[in-house]
Ligand code: NAP
């Protein structure tokens, strides 16, 4: 497959989980890929090594997306080292659980700064360069079913993903004339390190699995397949939409 030949992609948080699977899949489809990490350099380097071993081109950049200067530098590095930046995957994300009345300013800022502010300003840096170069582009945000569905005791996470939904809708209109599309992927429960606690505790996992019509967690590779579609010409006429990938979880309303 070479749907993305000649394209350059930046995937934030691509040293683990969904981001790692996306970086690998975009590279398999021909894109050169910037792998970004914040804390775990070895895992991120392993992603780069895997891509290169498979014949792809990839570079490693450290960028904490909650820091504006890092966002600008991440896009600059893509242009300097790989010659362009056509696809941006805003994947980096964190969650911190707490009862609403116990949420601290520090935790609020941590979640909003990574999940929303980071995606906002990284997208701004991405768009400025494309606008100046008069090139089209693709923005794919890793949102969540919780851009829409309640998640009690995770109010900051829900607020950040809800903000991402509205930003995506707004930008689809503002960036359409520049030839830049923007869409969200809203995963349900995917088997990644963010869910380590959940996956290790049957008391939490079993009721969740009973709520998922397909009866299992999703795989990072499945999310990556959807991201590759949204990055490709097959999705040239797709913008302003959220693509839910949740095994049917959101449709599983039951009368009590
Ligand atoms: P994960 O394995 O914990 O990955 C999170 C990634 O984000 C890590 O690579 C981490 O990099 C990176 N990151 C965190 N803070 C960062 C920062 N300030 N700057 C740059 N990178 C940062 O979790 P995941 O499940 O793959 O999550 C990926 C995305 O999917 C998140 O946005 C999450 O909200 C979303 N999502 C996941 C699920 C799910 O069930 N797994 C469901 C819905 C949505 P370092 O390790 O280097 O810090």
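The values are calculated or read from the model by the stated rules, or taken from the named source; none is laboratory data. Because the structure is predicted, anything quoted here is derived from the model rather than measured. Methodologically, a virtual Cβ is constructed for each residue, glycine included, from the backbone with ideal geometry; neighbour enumeration extends over all protein chains shown.
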By residue number, the members of region 1-27 that are out of contact with any helix residue (DSSP H, G or I) (no Cβ under 8 Å at 6 or more places or on another chain), surrounded by fewer than 21 Cβ atoms within 10 Å (Cβ to Cβ), modelled with pLDDT of 95 or more and at negative phi are 5
In a helix (DSSP H, G or I), touching a residue at least 60 places away in the same chain (Cβ under 8 Å) and more than 12 Å from the ligand (Cβ to nearest atom): which single residue out of 224, 163, 228 fits that description? 228
Within region 73-93, count every residue that is more than 17 Å from residue 128 (Cβ to Cβ) and within 15 Å of the ligand (Cβ to nearest atom). 4
Which of the residues spanning region 176-191 are away from the ligand (no atom under 14 Å from the Cβ) and touching a residue at least 60 places away in the same chain (Cβ under 8 Å)? 176, 183
Candidate set from region 131-147 (those that are in a loop (DSSP other than H, G, I, E, B) and touching a strand residue (DSSP E or B) at 6+ places or on another chain (Cβ under 7 Å)); member that is surrounded by the fewest Cβ atoms within 10 Å (Cβ to Cβ): 136
Candidate set from region 192-213 (those that are within 13 Å of the ligand (Cβ to nearest atom) and in contact (Cβ under 8 Å) with a residue 12 or more places away in the chain); member that is nearest to residue 161 (Cα to Cα): 194
